[in-house]
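Below is one structure, written out as structure tokens, with a few remarks after it.
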Amino acid sequence: MNIQDQRRQIVTRSAIAAVMTGILVAVAVAVPLINKTSTLTTELAANVAKTKTENLRTVLEQHQDLARQTASRTELAKKLGAYARDEISLGELQTFTYPRLRDAARGIDNLAAIVRFDLAGNEVARIGPMAQTLPQHITLPTALDLQTYPLATGGQSQPLLHTIGKIQTSEQAVGYDLLLFTPEPFQRIFTSDDNFDICLLDVPRTKRLAMTPDNQRVVLTPPSGCLHDKNSTHTSTDGDYALARTADGAHVISFVLPLEGYSWEVHTRSEASEIFSGVTREILVALSIILGLSAFSGLLVKRSLKPLVHTLSRQADEIARSSEELRQAYQVFEHTHEVVVIADLQLNIIRANPAFIDVTGLPARKVIRQKITDFLATDMSNQKVVEWLQEQLATQKMWQGEIWLQTAKGRASPYLVTVSPITDSLGQTRHYVMTFTDIAERVKSEKKIHHLAHHDELTGLPNRSALEQHLRQTLDQHQDTRTLFAVMFLDLDKFKPVNDEYGHNAGDDLLAHVAKRLQNCLREGDFVGRRGGDEFQIITARLRQPDDAEAIATKIINVLNEPFEIQGHTVGIGASVGIALYPRDGRTAIDLVGAADAAMYRVKAEGRNNVAFA
């Protein structure tokens with residue numbers, strides 16, 4: 001082979017090598033990008049599915065709390081206990097029970113009916129908007145359930161949520177309250193505008209709660225064809241999601257998540273076709289550009305390699321330098337949206353990606369050689385952070401935790417940081433790579449869910465669960481002391497006429513105004529919350545003498561006796577307050593709450609708008 005053939009062969013092979021290099025680069029860039037996009041899409045869908053599941057669990061908890069609240073009324077429980085001991089007749093029990101059950105039902109918007117059973121499961125009372133249209137005989141379920149019933153007016157009822165509250169006197173069960181609710185809270189979650197289809201399936205797979213195809217109403221159907229089981233083509237290793245393609249070619253991702261504490265599970269499904277197709281188009285464009293540039297570079301290489309030795313050597317040096325630059329750029333993830341920082345062993349910043357510059361708001365030249373702790377919201381010195389990090393990495397290959405990073409707006413924002421050591425050929429750590437993932441939205445969602453679980457949605461006051469928790473903490477704090485404090489039960493007088501005359505919206509506004517007045521008139525350290533309906537509870541801070549409790553209650557009544565302006569109407573109400581003192585009237589939450597509740601009902605019986613001690 002002569003020199004001309006050798007040159008021709010070398011030039012041709014070099015051009016082919018240039019094109020193949022471009023193809024390999026395109027594949028190396030595209031494959032991680034596709035995998036990362038798929039992972040992020042799945043994680044986003046999983047977070048939405050978990051949030052919806054938590055919302056559904058919160059709805060069930062709130063309605064279960066309403067059942068427990070209705071069943072906890074002391075006077076009603078005592079009467080049912082007397083009936084169980086044959087001390088009073090069924091008629092006497094019903095005469096006493098009906099008005100108090102109606103009082104308990106006030107303010108529960110989606111209540112269909114309250115059915116009270118004795119311990120043997122026999123119905124003794126029934127109230128509510130659907131009480132007369134439901135079947136005469138309703139079986140008491142053993143747990144939270146969803147059912148439909150034939151109606152006396154004809155047709156079938158919408159799905160009704162069943163919650164059960166055990167009625168007890170002196171720790172002994174005497175009956176049960178069954179509360180039936182219409183499904184509006186489920187419909188609000190099911191019809192959200194985030195392109196998620198949802199259905200609620202019981203664990204035995206006997207029934208399913210879902211929206212109708214036209215999204216007009218919630219229905220209870222057999223479980224066949226639930227979302228997670230449709231057209232499944234791939235299932236994750238842990239079984240919590242599945243990828244599928246529908247008949248029209250759309251990609252979907254579905255999840256099955258259990259409702260903790262209940263024998264139900266949530267099935268969700270969301271279309272992912274648009275996200276994947278957009279990413280695919282962008283990747284194809286990028287690949288086309290890379291391949292076009294590769295072909296063009298091949299032509300340039302072919303023309304430039306004619307002076308064989310000199311040009312070949314020069315091109316080899318340039319390709320080596322370009323490859324090194326590309327390798328370094330890839331190592332520090334220049335184009336990732338996550339914050340990436342490379343630091344030395346003393347946490348001095350050696351290099352930071354553009355995402356870090358955007359977060360901190362500082363020019364790149366000012367970031368280099370600064371300590372990473374200068375950007376952390378922490379009271380620890382840099383040296384202590386260095387020593388602590390070395391201890392963590394001495395026993396594990398990486399460390400991950402939550403920190404707060406100072407942003408360009410002067411505020412601290414939560415991030416999930418992953419610290420990985422970079423070692424040399426001898427295994428000695430030389431640098432740290434720190435990756436920061438913004439978790440502000442997740443932290444915000446967790447705080448919101450926690451707030452909803454412990455506060456009344458209408459008034460913003462602590463709910464029944466928060467009241468019980470605060471009372472337990474107060475009792476634990478003063479268990480071995482003679483500290484005097486009071487538990488007060490407050491029930492609004494003349495609240496029902498406001499609802500009847502001006503509507504439930506006016507009643508809700510009135511409750512919100514009452515909550516604000518209560519917060520403004522109590523002392524620092526006093527704790528007020530809404531138990532439900534028009535009932536509120538106050539747990540006072542330390543009192544010097546019993547008269548202090550009466551002074552507080554009298555002030556509350558005077559404040560609430562002042563007229564309210566509600567939706568253009570002047571409304572006047574009163575308040576009946578029952579007071580139980582610790583330790584005089586009890587040393588347990590049950591004793592104090594029961595004593596205050598009984599005192600409040602005594603005020604009601606003696607003319608209302610007054611105060612009574614237990």
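Worth a mention:
- Rolling a 1.4 Å probe over the heavy atoms of the protein chains gives the chain an accessible area of 54 Å² per residue.
- Theoretical ellipticity at 222 nm over the chain - DSSP helices of four or more residues, -39500 (n - 2.57) apiece, nearest 500: -15000 deg cm²/dmol
- Charge-dipole axis of the chain as Lys and Arg at +1 and Asp and Glu at -1 on Cβ define it, positive-most pick from GLY525, GLN94, HIS267: HIS267
- For the chain, the dipole from Cβ point charges (+1 on Lys and Arg, -1 on Asp and Glu) about the Cα centre works out to 1920 debye, to the nearest 20.
- Accessible surface of the chain [probe 1.4 Å, protein heavy atoms]: carbon and sulfur percent: 52
- When each of LYS447/LYS494; LYS79/LYS496; LYS207/LYS496 is checked by Cα-Cα distance, pairs over 31 Å: LYS447/LYS494; LYS207/LYS496
- In the range 478-542, the GluC sites (Glu not before Pro) that fall in loop regions by DSSP, at most 16 other Cβ within 10 Å: GLU524
- In the list (i) 121, 62, 51; (ii) 107, 59, 45; (iii) 100, 59, 47, the label attached to Cα extents along the principal axes in Å as derived from the coordinates here is (i).
- Relative to one another, the C-alpha centroids of the range 539-566 and the range 410-445 are positioned 53 Å apart.
- Extension gain (nm, one decimal) between TRP404 and ALA143, 0.36 nm per residue minus Cα-Cα: 89.6 nm
- Ranking ILE403, ALA286, TYR415 by Cα position along the charge dipole of the chain, where only Lys, Arg, Asp and Glu carry charges on their C-beta atoms, puts ALA286 farthest toward the positive end.
The values are calculated or read from the model by the stated rules, or taken from the named source; none is laboratory data. These numbers come from a predicted model, not from an experiment. Cβ coordinates were reconstructed from backbone atoms using ideal geometry, including for glycine residues, and neighbour counts include every protein chain displayed. These area figures cover heavy atoms from the full protein model, side chains too; ligands, DNA and RNA do not enter into them. Shrake-Rupley method; radii C 1.70, N 1.55, O 1.52, S 1.80 Å.
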